[in-house]
1. What Kirkwood hydrodynamic radius do you get for the range 288-437 when you take the inverse of the mean 1/r over all pairs of distinct Cα atoms, in Å?
2. I want to check the label-to-label distance for residue 266 and residue 320. Put each point 7 Å from Cα in the C-beta direction and report it in nm to one decimal.
3. Take the alpha carbon atoms of the range 303-341, find their center, do the same for the range 98-160, and report the distance between the two centers in whole angstrom.
4. When the label point is put 7 Å from the Cα of residue 394 along its Cα-to-beta-carbon vector, which residues of the range 317-356 have a backbone N closer than 18 Å?
5. Once both labels are modelled 7 Å past Cα along the beta-carbon direction, what's the residue 404-residue 247 spacing in nm?
6. Using 0.36 nm per residue, how much length does the chain from residue 288 to residue 182 gain when fully extended, once their Cα-Cα distance is taken away?
7. Which FRET efficiency value, to the nearest 0.05, is calculated for residue 383 and residue 137 with the Förster distance at 51 angstrom and r the Cβ-Cβ distance?
8. Testing the spin-label approximation: label points 7 Å from Cα along Cα→Cβ at residue 337 and residue 371. State their distance in nm.
């Protein structure tokens, strides 16, 4: 009788969680059904058996081999890239440039890809060895779960695996409360980090990504978050695992990665799946072949098959159309050639030196993915002042260098004086006069 009563309550509570209602309604339902407080300890066990899983509601079999064959066959016949998902983007990790985008700068919910930022904030504010005691909020959260119950003990390290591999919303809440003291406190940390990363079209209110009107990002900013995350060794290590063993109350549990492309598509080494009704099916993927290292973002796919197919389309398009070019080498070579010819032409009026040593500011990236048919369209344009009045300060800007690709400026560097050139005084003028005689 108790189990039947509890099952009814659990069904209602899950629905309340999905529509994000208040705890007051949940409590009133419990009271109406005459559930004793001491009986609630059995709720988590029944939730585990009967939970509504928002991340994996679709039991669709995805044939990745067939998808790859179709993509490779059609890509040879179609010149323009087309995807079915609502949003898609390719991000070049070397330069930070966008190689392709469809609605890539549009604000959107992003489901469990949120957890990429969650993992960043956790790793920068907690120790992996910290032991977390799971509270009721984490234990009762709906959606995809690691399977945590109230008062379970688990390390931050294992929670991170549960967060990123099986997309545990319970792991997300447990980590958020441990690090931020509350969901709101953790959200503040997330938004502070977003501001630090220069994100202007993102806002975070939850650590797991369940739909909320105030929780959103863009494909471009999600790619920037991911790029930052992959520079953290621990995150790169976690998302690269297809399976892992975590310990809950010292008991081992094997979990599987929801990212099916990992190990099945050449070069893929992460990162994160996601699904909610608001966001659709999402997938952020990191892939590296030779020197070209990219991040692809898919948001708003209707099915897992479309999500996988569109991701593979983006990947194959990038490696078919683009090649990594050492821009820094090209710039330095062109500047050296220009300096050898032009530095002697710069006249310094009234200066103790008649020659100026020049340098250029650092290019923000060494390599850059460039379309193969545009590699020969890279130009370096140099403009400088040829007449100077002493004194010239060290570091004084004397011109600029523009890197131009196919008539589009991709970078502007400053040309500056390496050293100070003082103005002649009476003594220097007298010395020069005496040399004449």
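1. On the way: mean 1/r = 0.0523 Å⁻¹.
Kirkwood hydrodynamic radius for the range 288-437: 19.1 Å.
2. If labels sit at residue 266 and residue 320, their model points lie 1.4 nm apart.
3. Their Cα centres are 32 Å away from one another.
4. 352-356
5. About 6.3 nm separates the two model spin labels.
6. On the way: separation 106, 0.36 × 106 = 38.16 nm, distance 3.73 nm.
Length gained, residue 288 through residue 182: 34.4 nm.
7. Computed FRET efficiency for residue 383 and residue 137 comes out at 0.25.
8. 2.4 nm
Here, each number is a calculation from the coordinates, and none is a lab measurement. Fair warning: this is a prediction, and the values are worked out from it, not measured in the lab. Here the Cβ is made from the backbone with ideal geometry for all residues, glycine too, and neighbour counts use every protein chain on show.
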